[in-house]
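Here the structure is laid out as structure tokens; the discussion comes afterwards.
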Amino acid sequence: MNRRKFAGLVGVAAGAGYLSMRASKPEDKGPGAGPPGKSPVAVLKAASYDDDLVAKIRDGAALCGLHVHGKRVLLKPNLVEFDSATAINTDVAVIAAALTAFRSLGAASVRIGEGPGHRRDTLGLAEQARYLHTIPDFEGVFTDLNRDDVRPLDNFAGERFYFPETVLGADLIVSVAKMKTHHWAGATLSMKNLFGLVPGAVYGWPKNKLHYIGIPRAIAELNRTFRNTFALVDGIVGMEGNGPIQGRPKHAGVLVMGQDLAAVDSTCCRIMGIDPARVEYLRLASNIGHVHEASIEQRGESPAALRTNFDLIAQFRNLRLG
């Protein structure tokens with residue numbers, strides 16, 4: 001069935017996943033208000049990709065009160081460029097560990113899905129990043145979100161927008177992001193990683209429609225729409241400088257996890273030496289998630305104790321945390 005015909009149909013599984021997602025959306029209380037209560041964010045040390053990452057991911061999920069038993073889980077890595085020698089892509093060790101961890105926690109199914117922003121050979125990217133040969137039956141559990149069948153959602157950034165059925169059918173979307181600086185957004189973490197949910201076959205490369213909306217606003221709108229999310233940020237080796245592609249590897253030695261993506265990204269920023277209150281997309285998202293430190297319940301390690309300043313390009317040096 002082609003994408004055009006499929007867009008008019010509503011799958012039972014996809015509908016159930018999306019209804020669950022919308023039901024969990026917090027009340028929009030205006031800029032800076034955030035949801036009620038505090039958001040737990042787990043920060044765990046991980047010195048290298050040879051650590052027991054499965055155990056650490058399970059620990060982080062427990063610290064954040066995440067329950068996945070019986071759920072359809074979609075792991076969304078940051079798969080960007082044909083390069084395995086730098087810190088551009090989410091490391092395969094983290095993806096493989098997440099696959100094992102969420103299966104062991106009783107998920108009904110665990111799939112991997114990605115829609116790269118400007119490269120069209122997604123399997124080629126996966127092969128270069130060692131996903132294809134490291135993860136057993138990778139092609140059996142992977143969906144190219146750029147080319148998946150799609151279905152419309154109304155009122156995304158004020159208009160009708162099409163998203164992949166694999167995304168809409170998931171009970172939980174896990175943003176398995178990379179801790180990186182970004183030459184347009186300042187930082188790219190779990191929230192920006194959701195750009196890969198937008199199908200390139202509909203909206204072009206590099207997801208042109210999102211750029212027309214504006215990157216900060218598009219990041220916030222994606223996170224306003226998809227509330228059935230969990231963040232797992234690979235900060236074992238991140239990227240500083242002219243990220244997200246041309247920067248330099250930066251060892252931070254952490255995994256950061258949580259169900260409030262704004263809180264996770266704000267915590268990552270503090271570890272990177274960035275003031276999240278000065279990051280535009282976090283300011284726009286501060287009514288759907290927690291940005292202020294006092295509203296985040298840090299579990300595991302202290303972000304301040306693990307702070308390691310990431311180098312910033314000139315136009316973002318004003319983001320430096322005092």
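Bear in mind these aren't lab numbers, they're just calculated from the coordinates by the rules spelled out. Quick caveat, the model's predicted, so the values are computed rather than measured. Note that each Cβ is placed from the backbone with ideal geometry, even for glycine, and that neighbours are counted across all protein chains shown.
For Phe142, what residues show an amide H to amide H distance below 5 Å, using hydrogens built from the backbone and excluding near sequence neighbours?
Counting only residues 5 or more places away or on other chains, the set is Ile112.
Quick one: plug the Kirkwood hydrodynamic radius of the range 196-302 (C-alpha pairs) into Stokes-Einstein at 10 °C, 1.306 mPa s, and report D in µm²/s.
For the chosen part, D equals 106 µm²/s.
Identify, among Leu172, Leu132, Met239, the residue whose Cα sits farthest towards the positive end of the charge dipole of the range 118-267, taking +1 on the Cβ of Lys and Arg and -1 on the Cβ of Asp and Glu, with the dipole about the Cα centre.
Of the candidates, Met239 comes out farthest on the positive side.
At 37 °C and a viscosity of 0.692 mPa s, what translational diffusion coefficient does Stokes-Einstein give for the range 126-169, taking Rh as the Kirkwood radius over Cα pairs? Give it in µm²/s as a whole number.
Rounded to a whole number, D works out at 268 µm²/s.
Taking amide hydrogens as modeled 1.01 Å from N in the peptide plane, which residues meet the under 5 Å criterion relative to Ala187, leaving out close sequence neighbours?
His182
Return the tail of the calculated pair distribution for the chain, meaning the percent of Cα-Cα pairs more than 28 Å apart.
Summing the P(r) of the chain above 28 Å gives 32 percent of all pairs.
Placing unit charges on C-beta atoms (Lys and Arg positive, Asp and Glu negative, everything else neutral), compute the dipole magnitude of the range 38-319 about its Cα centre in debye, rounded to 20.
520 debye
From largest to smallest, what semi-axes in whole angstrom does the range 128-265 give when each is the square root of 5 times an eigenvalue of its alpha carbon gyration tensor?
Equivalent ellipsoid of the range 128-265: 24, 19, 15 Å, largest first.
When Lys and Arg each count +1 and Asp and Glu each count -1, what net charge do the other residues less than 10 Å away from Leu284, Cβ to Cβ, add up to?
So the environment of Leu284 carries a net charge of +1.
State log₁₀ I(q)/I(0) for the range 45-122 at q = 0.21, 0.25 Å⁻¹ as given by the Debye formula over alpha-carbon point scatterers of equal weight, solvent excluded.
Each listed q maps to, in turn, -1.01, -1.19.
Three principal axis extents, largest first, for the C-alpha atoms of the range 97-197, in Å?
Dimensions of the range 97-197 along the principal axes of its Cα atoms: 40, 33, 27 Å.
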